[in-house]
1. Between [x] 33, 28, 21; [y] 34, 24, 20; [z] 44, 26, 17, which matches semi-axes √(5λ) of the Cα gyration tensor in Å calculated for the structure shown?
2. Find the centroid of the Cα atoms in region 50-122 and in region 182-211, then give the distance between the two in whole Å.
3. Between LEU285 and ALA395, how high is the FRET efficiency from 1/(1 + (r/R0)^6) when r is the Cβ-Cβ distance and R₀ = 45 Å? Nearest 0.05.
4. Quick one: pull the percent of accessible area on the chain belonging to carbon and sulfur, 1.4 Å probe, ligands and nucleic acids left out.
5. Measuring from centroid to centroid over Cα atoms, what is the spacing of region 330-347 and region 297-328 in Å?
6. What does the helix-only formula give at 222 nm for the chain: each DSSP H stretch with n ≥ 4 adding -39500 (n - 2.57), the total divided by the residues, and the result rounded to the nearest 500 deg cm²/dmol?
7. What does the charge count around GLN125 come to, taking other residues whose C-beta lies under 11 Å from its C-beta (Lys +1, Arg +1, Asp -1, Glu -1)?
8. About the Cα centre of the chain, what is the dipole size in debye to 20, counting +1 per Lys and Arg Cβ and -1 per Asp and Glu Cβ, all else neutral?
Amino acid sequence: MSEKPMRSRINKATVGATVGTALEWYDFSLYATASAVVFPAVFFPAGDPFVATLASFATFAVGFFARPVGGVIIGVLGDRYGRRQMLFLTLVLMGIASTLIGIVPNYATIGIAAPVLLIVLRILQGVGAGGEYAGATLLAAEHSKTASRGLNAALPGAGNAAGALLATGVLTLLNTTLSREAFLSWGWRVAFLASILVCVAGIVIRLRVPESPEFEGSKADTEVPRVKLAELFRSAGRRVPLAMLASIGPNVASYLPSVYALTYLTSVVGAPEWIGLTGILIGNLLKLMTIPIAGWLTDRLGRRPVFLAGAIGAVVLTYPFFFLLSTGTPILIWIALVLVFTLCNDAMLAAQSGFMSELFDVRYRYTGVTFSREITGALVGGTLPFVAAALTEAAGGDYWLVALYCLVLMVLAAVGMFFLPETRRLVTSPVPAGIV
């Protein structure tokens, strides 16, 4: 693809960070899929399926609201003590929480205590997830040369996809091979109980990843105090709110197709569950190629052009996306999911990974990335399935209202990125004050 093969541009730290992210994101993605196809029937009282679905999506959102808390805490600690140690912490938190979800009794057994326990464990998941992705992308980026930083920073996103692929694949396999009664009774629990094995494997892999050389270099500068949140806002200026706006894009293009679309297809369109799950499997499989390619493109073309291409593409495709879903035709549904979930989302996600690792000074970089990503993730990504379900119900089952909502969000993301600086050449030093 270039004068130097893509494979030779990928460093060993990136491989370790990416595999670790894949294993950890298996847990977080497992919950996302289960919130659409399992939890409404298991953890919430029988009655109105719409109310049960909203309640399930509310517990999904709780994890996102825990992410900023975990992200800021882990980000500050990561800027003080190192990226590597925080990645061990996030892995353990996620593994414990996911394994325990697999043994929580259902609503029929312990009543209201079932969803309460589910919420507590989802919060623990959220705390771990809040610092995971930022830490993995920074560790990969900070081990990279300037010319391949975008590619290396993007690759943990492919790990994210691999983890989601594994989670969706496991649930799909259980859902299609077991009877509906067996799947809801105990089958889905197998996928969560396997998290303990995933956790152990992730720890072993991350033991082989060294600490970031950029962090070690900044830590050695005893004249520079370790970061405080006040310093982040004082030094970064308007880059934080603009980065938060840009972060809307990957959240919408990810969780609209991978979470809400599954419910929309079954409850509104009347399509069998396997169609949506298969589409997500296809989308995640393609991500293993599209994310590295998008990351490579950001090294050649810049972060902003690649991100804006994905954001504008998602704006254009919002209404066609729902139109294709509404046909109920498997091939058209899969095309819709791939266009938004894979192509548009991956362009934004890969570019975001690179520019976030360059937008902030190394002394407060972890904090800046987690703060910018995770608050937006809570406000937009976490609430999107819930809001989308409510808007669809308000529109009488029609998709125009939720499509309009998502279109506006994607426009905001494009605006945020438009006013951010191109960071491709700004790697080892902070972005100059006043650049935005």
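The values are calculated or read from the model by the stated rules, or taken from the named source; none is laboratory data. Note that the structure is a prediction, hence the values are computed from the model and not measured. Note: ideal-geometry Cβ built from the backbone for every residue, glycine included; neighbour counts use all protein chains shown. Side chains are part of the model used for accessible areas, which takes the heavy atoms of the whole protein and leaves out ligands, DNA and RNA. Shrake-Rupley method; radii C 1.70, N 1.55, O 1.52, S 1.80 Å.
1. [y]
2. With region 50-122 and region 182-211 each reduced to a Cα centre, they are spaced 15 Å.
3. Working: r = 33 Å, r/R0 = 0.72.
Efficiency at R0 = 45 Å is approximately 0.85.
4. Numbers: 11250 of 15710 Å².
Within the chain, the accessible surface is 72 percent carbon and sulfur.
5. Comparing the Cα centres of region 330-347 and region 297-328, I get a distance of 9 Å.
6. Calculated from helices alone, the mean residue ellipticity at 222 nm is -23500 deg cm²/dmol.
7. Summing Lys/Arg as +1 and Asp/Glu as -1 gives -1.
8. 1040 debye
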